[in-house]
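Novice: Quick one: this structure, given as structure tokens, is what I'll be asking you about.
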Amino acid sequence: MMTEYAGELLQSIRKIQGRWGWYLFLGVLLIALGVLAIIYESTATAVSVIVLGTLIIVAGVAKLIAMFQSRGAGHVILLLLLGALDIVVGWMLIQYYAAGSLILTLLLAVLFVFTGFYGFVAAMWLQLPNYGWYAVLGLLTIVLGVLLWMQWPISAIWFVGFTVGLYLIFGGVTWIAFALKIKPAASATSRPVST
């Protein structure tokens, strides 16, 4: 039983190793998209807000479907209200994506300030190992939130697109590192074993 599992695991690893080129391609593609998102940050911001609105609409539709499937349950009205609210908010984000990016950027600035403050206070209060790094991270998060807030509403034009671009670039670097890490293993496993 254990040898059968080990054989299946080895076969799965070999499949992944055989596709290292696709992972490398995905990494390069993500980096290219990230660079484009940073270059055209206002367009990337608009697209990101529209995609967010679409996802919220999909979540609202899923809640309405769940409502119809749970007839007779006490939470049907709650699912109806939440689903309708998701659809309305998502539609408003799509229709008024500029205003949506303003609100989203302001909410992110507030989130950064409060999250950073909480992280700093928790690090200083608990003083767990390496708490100094957590305190510095908290302070940097507060500074980011304050800077974002001070540049608002101008920051709403570029911040979301810039952040999405950075996310895509870091994701691409991660996939490239993964592909390069499994590539030597793929060439090593393809060599015949000498006896």
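Where a number appears in this text, it was derived from the coordinates with a stated rule and is not lab data. Keep in mind the model is a prediction, meaning the values are calculated, not measured.
Novice: Rg and Dmax of region 1-63, Cα atoms, in Å?
Specialist: 19.8, 56
Novice: Between helix 155-190 and the chain, what is the angle of the helix's C-alpha long axis to the longest principal axis, kept within 0 to 90° and rounded to the nearest 10?
Specialist: Helix 155-190 and the main axis of the chain meet at about 10 degrees.
Novice: By how many degrees, between 0 and 90 and to the nearest 10, does the Cα long axis of helix 76-95 differ from the longest principal axis of the chain?
Specialist: Rounded to the nearest ten degrees, it is 90.
Novice: Follow-up question, since we're still on this one. Hull surface divided by four, with the convex hull built on the Cα atoms of region 1-117: how many nm²?
Specialist: The number I arrive at for region 1-117 is 13.9 nm².
Novice: By how many degrees, between 0 and 90 and to the nearest 10, does the Cα long axis of helix 97-126 differ from the longest principal axis of the chain?
Specialist: 70
Novice: Quick one: grab the alpha carbon gyration tensor of region 70-142, order the square roots of its eigenvalues as a ≥ b ≥ c, and give me rounded if a/c is under 1.5, else prolate or oblate depending on whether a/b is larger than b/c.
Specialist: Here region 70-142 falls in the oblate category.
Novice: Roughly how large, in nm² to one decimal, is the mean projection of the convex hull of the alpha-carbon atoms in the chain?
Specialist: Convex hull of Cα atoms, orientation-averaged projection: 19.1 nm².
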